[in-house]
Amino acid sequence: MLAYLSCPSRALQLANRMLLAGVLLLLSGLLGAYGLEAQLSMGSLVTAHALTIIGPGLLKLGYVLRLAAQQHLRTQQEPCCAVA
């Protein structure tokens, strides 16, 4: 995993996916926790509320990884990742 993250363009791709996943988790959690609360069972409602916490956490991690990858790409002039 560290070899995968050592390439800034791959880290940027992972960060973008993390941002998208975080937004989707947050939106689905909000929809379940506050939009469909009358139709959901207690376990599903707890899961939906947990998603409203996990989603923003994934958003924050993805954003920090994106900033680090962009900084590394800005300071590095030559392309780095060999694609097999």
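The values are calculated or read from the model by the stated rules, or taken from the named source; none is laboratory data. Just so it is clear, the model here is predicted, and its values are computed rather than measured. In this analysis, Cβ positions are derived from the backbone assuming ideal geometry, glycine residues included, and neighbour counts consider all displayed protein chains.
Consider region 22-34. How many of its residues are under 12 Å from the mean Cα position of the chain (by Cα) and either exposed (fewer than 13 other Cβ atoms within 10 Å of the Cβ) or within 19 Å of Ala68 (Cα to Cα) (or both)?
Looking only at region 22-34, we keep the residues that are under 12 Å from the mean Cα position of the chain (by Cα), and these are 22-26.
After this cut, where a residue has to be either exposed (fewer than 13 other Cβ atoms within 10 Å of the Cβ) or within 19 Å of Ala68 (Cα to Cα) (or both) as well, the list is 22.
Of the residues in that region, 1 qualify.
For region 1-21, which residues satisfy the criterion of being exposed (fewer than 13 other Cβ atoms within 10 Å of the Cβ) and small (Gly, Ala, Ser)?
Ala3, Ser6
Look at Leu40 and say whether it is out of contact with any strand residue (DSSP E or B) (no Cβ under 7 Å at 6 or more places or on another chain) and assigned to a loop (DSSP other than H, G, I, E, B).
yes
Per-residue answers, yes or no, for (1) more than 21 Å from Ala15 (Cα to Cα); (2) at pLDDT 90 or above; (3) crowded, with 16+ Cβ neighbours inside 10 Å:
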residue: Leu36; (1), (2), (3): yes, yes, no
residue: Ser41; (1), (2), (3): yes, yes, no
residue: Ser44; (1), (2), (3): yes, yes, no
residue: Ile53; (1), (2), (3): no, yes, no
residue: Leu58; (1), (2), (3): no, yes, yes
residue: Gly62; (1), (2), (3): no, yes, yes
residue: Leu65; (1), (2), (3): no, yes, yes
residue: Thr75; (1), (2), (3): no, no, no
residue: Cys80; (1), (2), (3): no, no, no
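Of all residues in region 24-37, which are assigned to a helix (DSSP H, G or I) and either touching a Gly at 6+ places or on another chain (Cβ under 7 Å) or farther than 30 Å from Tyr4 by Cα (or both)?
The first filter runs over region 24-37 and keeps only residues assigned to a helix (DSSP H, G or I), leaving 24-35.
Of everything in region 24-37, those that are assigned to a helix (DSSP H, G or I) and either touching a Gly at 6+ places or on another chain (Cβ under 7 Å) or farther than 30 Å from Tyr4 by Cα (or both) turn out to be Leu25, Leu26, Gly29, Leu30, Leu31, Gly32, Ala33, Tyr34, Gly35.
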